[in-house]
1. Any idea which of I97, I76 is at pLDDT below 85 and either in contact with a Pro (Cβ under 7 Å, 6 or more places away or on another chain) or of a type in the set (V, I, T) (or both)?
2. Would you mention how many residues in segment 72-116 are among the polar types (S, T, N, Q), surrounded by 11 or more Cβ atoms within 10 Å (Cβ to Cβ) and within 22 Å of the chain's Cα centre (by Cα)?
3. Suppose the filter is farther than 14 Å from L186 by Cα and either modelled with pLDDT of 85 or more or out of contact with any Cys (no Cβ under 8 Å at 6 or more places or on another chain) (or both); does I129 pass it?
4. If we keep just the residues of segment 147-188 that are charged (D, E, K, R), touching a residue at least 60 places away in the same chain (Cβ under 8 Å) and assigned to a helix (DSSP H, G or I), which is surrounded by the fewest Cβ atoms within 10 Å (Cβ to Cβ)?
Amino acid sequence: MTRKPRELRSDEEALWRQVAKSTSPMNPARKPKVLNLQAKPKPVAENPRFEPKPFKVGETAAPRAMPNPAKPSKPIRMDKKAFGRMKRGKAKPESRIDLHGMTLAQAQTALTGFLLQAFSNEKRLVLVITGKGRHADDSDPVPHRRGVLRQHLPEWLSRPPLSSVVLEWTSAHQRHGGSGAFYVYLSRRR
């Protein structure tokens, strides 16, 4: 709902006309624009109606693509050469933490403390091992996600207080744990 502009009172309109008469144009050759004191309401765009796709009973839905936690969703914020070395496993992590066997709450607390400590010790590249997750039993009727810690790590790194210390993160090279580990590149202390 748009708000209607208030109408000018007669004394306000008279004052405006008096001010407008007392001014002189900066470029006399240019034609003056006529000021319309009555505002026009903006047209309201209509929302298209949602139409669900037809389906038949017993059909299965197409599988949804799961987001890949190994890929950062934003552009690289660090030096591209250093990022390339890190991705190829050429850069050696200065410290590491293993989150295997921890609950989500324990892992988040341990990760936050570890990364803030590493940042205060002026370490730049650390290795966070989450594991790939348990292999779920295929006979279970309820589907389970693999690697809960692995799925939550990007979210933890992108929220405060870690977002202020983490410059970049990516999946580790095979020699450092592959898809079950992540390189976390920390920013410098200022």
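1. Going through I97, I76 in turn, just one is at pLDDT below 85 and either in contact with a Pro (Cβ under 7 Å, 6 or more places away or on another chain) or of a type in the set (V, I, T) (or both): I76.
2. Count: 3.
3. yes
4. R175
The values are calculated or read from the model by the stated rules, or taken from the named source; none is laboratory data. Everything numeric here is computed off the predicted structure, so don't read it as measured data. Don't worry about glycine lacking a Cβ; one is built from the backbone with ideal geometry, like all the others, and counts go over all protein chains shown.
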